[in-house]
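K.L.:
The structure's right below; bear with me while I get my questions together.
Throughout, read-outs are computed from the coordinates displayed, never taken from laboratory work. A quick note: this is a predicted structure, and the numbers were derived from the prediction, not measured. Neighbour counts are summed over all protein chains in view; Cβ atoms, including those assigned to glycine, are modelled from backbone coordinates with ideal geometry.
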Amino acid sequence: MGAMAKGLKPEDWLKVTPAGLYCAPGDFYVDPVRRVDRAVITHGHGDHARPGNKRVLATPETIEIMKTRFGEDAGRDLQDHSYGSTVSLDDVALRFVPAGHVLGSAQVVIEHAGQRVVVSGDYKRAPDPTCPPFEPIACDVFITEATFALPVFRHADAATEIAKVLAAQALFPERAVLVGAYGLGKCQRVIALLRQAGYDRPIWLHGAQRNLCDLYQRLGVDLGELRDVAETDKNALAGEIILAPPGALNDRWSRRLPDPLTAMASGWMRVRARARQRGVELPLVISDHADWDELTQTLKDVGAPEIWVTHGREEALVHWAESNGIRARALSLIGREDEDD
Amino acid sequence: MKAFAALLDRLVYTPGRNAKLRLMGDYFRRAPDPDRGWALTALAGGIDFPHAKAGAIRGLAMEQAGEELFRLSYDYVGDLAETCALLWQETGTADPPTLGEIVARLHGAGRAETPGLLASWLGHMDVTERWALLKLITGGLRVGVSARLARVALSEAFDTPVEEIEEVWHGLAPPYSALFAWLEGQAEKPDPGALPVFRPFMLAHPLADGVELEPSAWLVEWKWDGVRVQLVSRGGERRIYSRSGDDISATFPDVLEMMNFDGVVDGELLVRGPTGEAPFNDLQQRLNRKTVSKKMLAERPAFVRAYDLLMEAGSDLRDQPLTARRTRLAAFIERLDHPDLDLSESITVSEWAEVEALQAEARRLGREGLMLKRRDSAYEAGRVKGLWYKWKRDPLTADCVLLYAQRGHGKRSSYYSDFTFGAWRDGETGQELVPVGKAYFGFTDEELRALDKWVREHTLNRFGPVREVEKALVFEVAFDSIHMSSRHKSGIAMRFPRISRIRWDKPAAEAEALDMLLALAENDAPSHEIS
């Protein structure tokens, strides 16, 4: 913060390039979409953390997640760095601050030439038993996502949504309750929420959910007893709760389950057409991204005079910011997608 | 309102018919009057609120979110009622009004006070209630429920034959308190008295393959290719009911005008062409219209060919044998002496081979097939075994190439089970396939599994739930008929298509040419269809 050195502006030293957001004075990219020499990774989701970078800087949890997902290809030199303490990269001071999105997710606070820019990555403000909460950091430029940046997106209280799963399970003891949830973060959050709601029976997993759940448990997130669907016969699953990746819900894999009741945990479930398109019988509005109220509240909390908007519904958030006296521009980063969230 | 909103919400996400019936039944048993009666009205066709329209909702939503954010939200969600419900800010948690109160207040409110009334409710509702309220007043719930299905739900919930419900239905008015009182055993069955109510149709079973009947016991007549209707005229009131018991009077003013009689006639509604009755496609132009233009009335005049007489001058003939009813019907038509009501003649046959010969002629004559009715049959509601049979003309078939496959619904949601197929035509760069129809039945479960596997292994492109496949699999498609249609890219529409055989053996290049299908069309000029 403070005086602007020699009239330098943040856009002079932090730029959008084909490989992603590049910080020249620190010579690093944040969440690059191509292989680079030095990458700073906000969190482990596939459109932010990619394999094959030479040097990687991320939180210890994100490094573990990348190792689990990419193995040898996670990066040649993996450097973990905990929340809060500052690291110097050439002319730049950098630190990680919790983003509340998934385990290990961080905002990257970059200070250079008397200015502070926060690259928030993906974030949410709602409580999540699997990761520390988002911390607002005052800054000159706040770079924000806009996945759910329309006033129609107001996520429900997650506990209410979890109660629907338990009610459905009680109502249909002869059916398997199949919950579609993104494999990193959402799956473990749904399990942790079920545990918070007092559900202590074993929870069943599609094979693709297993490794990251084990990692979460190793990193100290208690998920209770988890079992593999592959290791039991179909009839044993009536009345049980099963977590699967969204893509498996209506795929051949689900045919082995007894009359599955299909649920899906995602912020998109707020819109009926999206839920019906996926053939979902029980939509659960549980998201790891900020909803409209959280986005606008966050912009007020960080108090930045300027925001840059990355992926999602940029137009609406830019409109809101400008109507509220905040300079705003859409960054149009490539390689960011609406994940199944 | 909470229970009604929850019902609509569950109906939206529940694909199966039986599950929908159970949800509605539960609601009808539990909800109080008059809420459930208004819910029934809404599900069975809608409640009209003259002052609460889409414009009012749009205005409220814009006030809430601002014009720009409303526009972006509406673009994204695509449904006005849902957009408004989602973006509304809750202001308190006071008990929202009941469905009955909402209907009463809206019916009593003027144009000016309606938006304020809505706004005051919306703030105190949760998102599902807001959505239900806004859907209710914009009409068109789109929860996959027809009037008929709602009546079946009542029938199952209160263990009463649906025919009995249909019989009293049109004599009752929303919110149907007398209906529920009767269904719950607290009142007598409502008496339609002199009202022109619907009588449930008697229906036929398909004649099983190879069955031969003794011709002397059976009345044989053509199955005309129109729509089955019931004409009811009593005490100066006239109604035309469709097979599902819906009142379609407004669509056919020409038929209404003819109904200068006191009775109930069962017959086939047809339109007149240059040489007698026109093909079904011509009639289709007149269906499902709330109003009908003079031009349409002149170009496609409707008339009714009578099959049966259920009531005459207040006396119920349904217990009498068919032959007696037919004698009275013939005299009835002669007395009316109007060209727009004629008799479906019975055909005299002496042996079964003649019946077979007639059935073989049905297509050439433009008839849907034959009807066989026991001469001594009473007119009984529903599909009674052994009394009436229909023997449809044999279907046409064509070998078509699979183009696209779509995931099914409910239990079939993991299978690619809805198939779009095409025929060859000359394109700018040689032969090309153009879609000619879509079918999702006709195959066994085992064949479905094999088709699903084939689709997954031969996918070219994916568009959400749809896959484009290699043009390499041939279906023998059976269909009742083909009509010219400007609504389809190929220029034709198939009626009742189904997959009769999977031709694993046949090369796609040997599938049908579009020209061959065009030659089968029953009407010759592309018709202008307005939906």
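K.L.:
Report, in deg cm²/dmol and to the nearest 500, the calculated mean residue ellipticity at 222 nm for chain B, where each DSSP H run with n ≥ 4 adds -39500 (n - 2.57) and the sum is divided by the residue count.
P.N.:
That comes out to -10500 deg cm²/dmol.
K.L.:
Select from region B:310-407 those GluC sites (Glu not before Pro) which occupy a DSSP coil region and have at most 16 other Cβ atoms within 10 Å, ordered by residue number.
P.N.:
Passing both the DSSP loop test and the Cβ count: B:Glu345, B:Glu351, B:Glu380.
K.L.:
Something else now. If I take R0 = 22 Å and measure r between the Cβ atoms of B:Ala208 and B:Glu334 in this structure, what FRET efficiency does the formula 1/(1 + (r/R0)^6) give, to the nearest 0.05?
P.N.:
It comes out at approximately 0.05.
K.L.:
Is there a simple number for the mean count of other chain Cβ atoms within 10 Å of the Cβ of residues in A:266-275, and what is it?
P.N.:
Partner-chain Cβ atoms within 10 Å, mean over residues of A:266-275: 3.
K.L.:
So what J values fall out for region A:141-151 if you push phi through Karplus, 6.51 cos²θ - 1.76 cosθ + 1.60 with θ = phi - 60°, rounded to Hz, Gly and Pro as x?
P.N.:
Using θ = phi - 60°, the values come out as 10, 10, 9, 10, 6, 8, 3, 10, 7, 9, x Hz.
K.L.:
Another question, if that's okay. Can you give the Rg/Rh ratio of region B:328-420, where Rg is from the C-alpha atoms and Rh is the Kirkwood radius?
P.N.:
Using only Cα positions, Rg/Rh for region B:328-420 is 1.16.
K.L.:
Here's a follow-up. Sort B:Met494, B:Met202 by Cβ crowding within 10 Å, fewest neighbours at the top. Provide the component values of the computation, followed by the final result.
P.N.:
Numbers: B:Met494 26, B:Met202 23.
Placing the least packed residue first, the sequence is B:Met202, B:Met494.
K.L.:
Fewest Cβ neighbours within 10 Å first, please rank B:Val469, B:Val477 accordingly.
P.N.:
B:Val469, B:Val477
K.L.:
Shifting gears a bit: Treating only the Cα positions of region A:244-321 as identical point scatterers, give the base-10 log of I(q)/I(0) from the Debye formula at each q in 0.15, 0.17, 0.21 Å⁻¹.
P.N.:
For the requested q values the scattering log ratios are -0.66, -0.76, -0.95.
K.L.:
Any idea how far apart B:Lys453 and B:Ala472 come out in nm if each label point goes 7 Å out from Cα toward Cβ?
P.N.:
Between B:Lys453 and B:Ala472, the label points sit 1.5 nm apart.
K.L.:
Over what distance in Å are the Cα centres of region A:157-214 and region A:42-118 separated?
P.N.:
Each part reduced to its Cα centre gives a spacing of 29 Å.
K.L.:
Here's something else I'd like to know. Taking the alpha-carbon distance from B:Lys385 and a cut-off under 20 Å, which aspartates and glutamates remain once sequence neighbours fewer than 8 residues away in the same chain are dropped?
P.N.:
B:Glu163, B:Glu164, B:Asp209, B:Glu212, B:Glu214, B:Glu221, B:Asp266, B:Asp308, B:Asp319, B:Asp376
K.L.:
Once you average over the residues of B:62-69, how many Cβ atoms of partner chains fall within 10 Å of each Cβ?
P.N.:
3
K.L.:
So what J values fall out for region B:251-261 if you push phi through Karplus, 6.51 cos²θ - 1.76 cosθ + 1.60 with θ = phi - 60°, rounded to Hz, Gly and Pro as x?
P.N.:
6, 10, x, 5, 6, 3, 5, 5, 6, 8, 8
K.L.:
Taking every residue in B:412-424, how many Cβ atoms of other protein chains lie within 10 Å of its Cβ, on average?
P.N.:
Taking all residues of B:412-424 together, the mean is 2.
K.L.:
Then there's this: Taking a ≥ b ≥ c as the square roots of the eigenvalues of the Cα gyration tensor of region B:240-337, is the shape rounded (a/c under 1.5), prolate (a/b larger than b/c) or oblate?
P.N.:
prolate
K.L.:
Using the C-alpha atoms of region B:396-520, what convex hull volume per residue, in cubic angstrom, is computed?
P.N.:
It comes to 112 Å³ per residue, whole-number rounded.
K.L.:
Okay, moving on. Can you pull out the trypsin sites (Lys or Arg not before Pro) in region B:327-404 that DSSP calls coil and that have at most 11 other Cβ atoms within 10 Å? Don't skip to the end; give the middle numbers.
P.N.:
Working: sites: B:Arg328, B:Arg335, B:Arg363, B:Arg364, B:Arg367, B:Lys373, B:Arg374, B:Arg375, B:Arg383, B:Lys385, B:Lys390, B:Lys392, B:Arg393; in loops: B:Arg367, B:Arg375, B:Lys385, B:Arg393.
Sites meeting the loop and neighbour criteria: B:Lys385.
K.L.:
Then there is this: Aspartates and glutamates near B:Lys295 by alpha-carbon distance under 15 Å, same-chain residues fewer than 8 away left out - which ones?
P.N.:
Hits, sequence-local ones excluded: B:Asp254, B:Asp282, B:Glu529.
K.L.:
May I pose another question? Under unit Cβ charges (Lys, Arg +1; Asp, Glu -1), what dipole magnitude, rounded to 20 debye, does chain B have relative to its Cα centre? Show your work: numbers first, answer last.
P.N.:
Working: 68 positive and 80 negative charges, 143 e Å.
Roughly 680 debye, rounded to the nearest 20.
K.L.:
Please state, as a whole number in µm²/s, the translational diffusion coefficient that the Stokes-Einstein equation yields for chain B at 37 °C and 0.692 mPa s, with Rh defined as the Kirkwood radius across alpha carbon pairs.
P.N.:
Reported coefficient: 124 µm²/s.
K.L.:
Bin width 10 Å, origin at 0, all Cα-Cα pairs of region B:448-489: what percent of pairs per bin?
P.N.:
P(r) for region B:448-489, in whole percents per bin: 21, 37, 34, 8.
K.L.:
Rounded if a/c is under 1.5, else prolate if a/b beats b/c, else oblate: with a ≥ b ≥ c from the C-alpha gyration tensor eigenvalues square-rooted, which is region B:202-392?
P.N.:
Details: a/c = 1.90, a/b = 1.31, b/c = 1.45.
Judged from the Cα gyration tensor, region B:202-392 comes out oblate (a/c at least 1.5, b/c at or above a/b).
K.L.:
Taking 4 °C and 1.567 mPa s as the conditions, I'd like the Stokes-Einstein D for region B:77-166 in µm²/s, using the Kirkwood hydrodynamic radius from alpha carbon pairs.
P.N.:
After rounding, the answer is 86 µm²/s.
K.L.:
Quick one: if the Förster radius is 56 Å, what FRET efficiency do A:Asp259 and A:Asp12 give, using the C-beta to C-beta distance and rounding to 0.05?
P.N.:
Approximately 0.40, to the nearest 0.05.
K.L.:
Students often get this wrong, so check it: of B:Lys290/B:Lys489; B:Lys438/B:Lys506; B:Lys223/B:Lys373, which have C-alpha atoms separated by over 22 Å?
P.N.:
B:Lys290/B:Lys489
K.L.:
Over the Cα atoms of region A:169-284, Rg to Rh with Kirkwood Rh, two decimal places?
P.N.:
Result for region A:169-284 is an Rg/Rh of 0.94.
K.L.:
Starting from the exponent 0.38 and prefactor 2.2 Å, build the expected Rg for chain A from its residue count and divide its actual Cα Rg by it.
P.N.:
Its radius of gyration relative to the 2.2 N^0.38 Å reference: 1.02.
K.L.:
Sticking with this one: Taking every pair of distinct Cα atoms and averaging 1/r, then inverting, what Kirkwood hydrodynamic radius in Å comes out for region A:239-285?
P.N.:
11.1
K.L.:
Okay, moving on. What is the Cα convex hull volume of region B:1-147 when expressed per residue in Å³?
P.N.:
100
K.L.:
Order of B:Tyr241, B:Tyr389 from fewest to most other C-beta atoms within 10 Å?
P.N.:
B:Tyr389, B:Tyr241
K.L.:
Which translational diffusion coefficient, to the nearest whole µm²/s, is obtained for the protein assembly as shown from the Stokes-Einstein equation, given a Kirkwood hydrodynamic radius over C-alpha pairs, 20 °C and 1.002 mPa s? Kindly include the intermediate steps, with their values, before the conclusion.
P.N.:
Numbers: Rh = 31.8 Å.
Answer, rounded: 67 µm²/s.
K.L.:
For chain A, what is the percent of antiparallel DSSP beta bridges, rounded to the nearest 5?
P.N.:
Around 35 percent antiparallel, to the nearest 5.
K.L.:
Still on this structure, please answer the following. Using a basic spin-label model with each label point 7 Å from the Cα along Cα→Cβ, how many nm lie between B:Ala119 and B:Arg148?
P.N.:
4.4
K.L.:
Another question, if that's okay. Which entries in the list A:Lys164/A:Lys234; A:Lys186/B:Lys20; A:Lys67/A:Lys124 go over 26 Å, if you measure between the two C-alpha atoms of each?
P.N.:
Distance filter (> 26 Å) returns A:Lys186/B:Lys20.
K.L.:
Radius of gyration and Dmax for region A:59-120's Cα atoms, expressed in Å?
P.N.:
Just the Cα atoms of region A:59-120 yield Rg and Dmax of 12.7, 39 Å.
K.L.:
Could you let me know the centre-to-centre spacing of region B:67-138 and region A:244-288, using Cα atoms, in angstrom?
P.N.:
First find each Cα centre; the distance between them is then 28 Å.
K.L.:
For a Förster distance of 56 Å, can you work out the FRET efficiency between the beta-carbons of B:Gln89 and B:Asp342, rounded to the nearest 0.05?
P.N.:
0.30
K.L.:
Something else: Mark the label point 7 Å from the Cα of A:Ala19 along Cα→Cβ and return the residues of region A:76-104 whose backbone N is within less than 15 Å of it.
P.N.:
Only A:76-77 fall inside the zone, counting backbone N under 15 Å.
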